[in-house]
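To start, the structure under review is shown below, and the notes come after it.
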Amino acid sequence: MDIRVLEYFLAVAREQTISGAAMSLHMTQPPLSKQLMELERELGKQLFLRGKRRITLTKEGMLLRKRAEEIVSLVEKTKAEVSAPDEGISGDLYIGGGETEGMRLIVQTAQQVQRRYPAIRFHFSSGDGYDVTDRLDQGLIDFGTLIEPFDMGKYDYLRLPSPDTWGLLMRRDHPLARLTRIRPEDLPGVPLIASRQLEGEDGLSGWLGYGYEKLRVVATGNLVNTLVLAVEEGMGCLFTLDKLVDLSGSRSLCFRPLEPRLESWMYLAWKKYQVFTRAAEVFVRELKRGLSTAPT
């Protein structure tokens, strides 16, 4: 198996026909079909279901598609880094993280870097802690922002300024909206929504004073906007950070902080012993400069 064959496979998965894939690859159909059959023979698995009108992926084919996309992306990223011109500083930096206010300093730093080095390009992707660490570990992104609670032992990192405060996002007509603070004793029996990271890391156990399993968690997820919609529809109250959802124009939702106060810091992380490109070195240096002057 080589990169070229994986690119052929991805083209067929995308176009869903041999003819369409061959056209996009600027080649004829017979050699493409031969390469795909050899790939299936090499793996010992059927990757395609060949119908009259289109080709679909088997379960093994869908798995290969996911891995092939990651492999091809990593190869392209590596080629771009190695072939970067010697003169000046250029390149692509990939940053993953949650869509929180804490990303503002990251974006401000990116803007400052680009002013000095216009040939550096930034690529941002969103995801929760599990998504970010998975892509970090595979080398698909250079940096990731992680929010406590999380095991930082595998990474080097910089702590970003100003922690976020945990609380409950709820409808204004919810009974808990009459309170100014939410305490552990207010929660039993209340339908709750949580991020999958908060549930997976049991991040509330110390604050609750009792087992997380005693809460009535009706939904989890990593799509903030979808979870907010669930709150609007009355599905439950969402455990979230105070700056994650903009409520400035909302008449239907409100946020109530937890009591005792529970805060989480955000970190910019990267793999230990990572060899930085020159563009990454510039970015980290600029971020450290910004952190030295940021209010805490």
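The values are calculated or read from the model by the stated rules, or taken from the named source; none is laboratory data. Since the structure is predicted, the reported quantities are computational estimates derived from the model, not experimental observations. Backbone-built Cβ (ideal geometry, glycine too); neighbour counts: all protein chains shown. The accessibility values were calculated without ligands, DNA or RNA, using every heavy atom of the protein model including side chains. Shrake-Rupley method; radii C 1.70, N 1.55, O 1.52, S 1.80 Å.
Could you estimate the translational diffusion coefficient of the chain from the Stokes-Einstein equation, with Rh from the Kirkwood formula over C-alpha pairs, at 20 °C and 1.002 mPa s, in whole µm²/s?
Working: Rh = 22.3 Å.
D, rounded to a whole number, is 96 µm²/s.
Can you give the calculated 222 nm mean residue ellipticity of the chain, where each DSSP H run of n ≥ 4 adds -39,500 (n - 2.57) and the sum is split over every residue, rounded to the nearest 500 deg cm²/dmol?
Working: 10 runs with 117 residues, N = 296.
Roughly -12000 deg cm²/dmol at 222 nm, from the helical runs in the chain.
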Problem set entry | Reachable lysines, given that their alpha-carbon falls under 24 Å from the alpha-carbon of Lys79 and they are not under 8 places away in the same chain | Lys66, Lys271, Lys272
Seminar exercise, completed: Simple SL model, points at 7 angstrom along Cα→Cβ for Glu232 and Lys79; separation in nm is 4.3 nm
Exercise. What's the extension gain from Asp134 to Arg181 if we count 0.36 nm per residue and subtract their Cα-Cα distance?
Worked result: 13.4 nm
Problem set entry | Residue list for the stretch 139-178, given a label point 7 angstrom along the Cα-to-Cβ vector of Ala219 and an amide N cut-off under 14 Å | 169-171
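When the accessible area of the stretch 211-296 is split by element with a 1.4 Å probe, what percent falls to carbon and sulfur?
Working: 2510 of 4910 Å².
Percent of accessible area from carbon and sulfur atoms in the stretch 211-296: 51.
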Problem set entry | Relative intensity, log₁₀ I(q)/I(0), of the stretch 71-184 from a Debye sum that treats every alpha carbon as a point, q = 0.19 Å⁻¹ | -1.11
Exercise. For the stretch 41-134, what does the alpha-carbon gyration tensor say about shape, rounded, prolate or oblate, given a ≥ b ≥ c as the root eigenvalues, a/c under 1.5 as rounded, and a/b over b/c as prolate?
Worked result: prolate
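Determine the relative contact order of the chain: mean sequence separation of Cα pairs under 8 Å and six or more apart, normalised by residue count, in whole percent. Walk me through the numbers on the way to the answer.
On the way: 441 pairs, mean separation 61.9, N = 296.
21 percent.
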Exercise. Carbon and sulfur atoms: what percent of the 1.4 Å accessible area of the stretch 1-130 do they account for?
Worked result: 53 percent
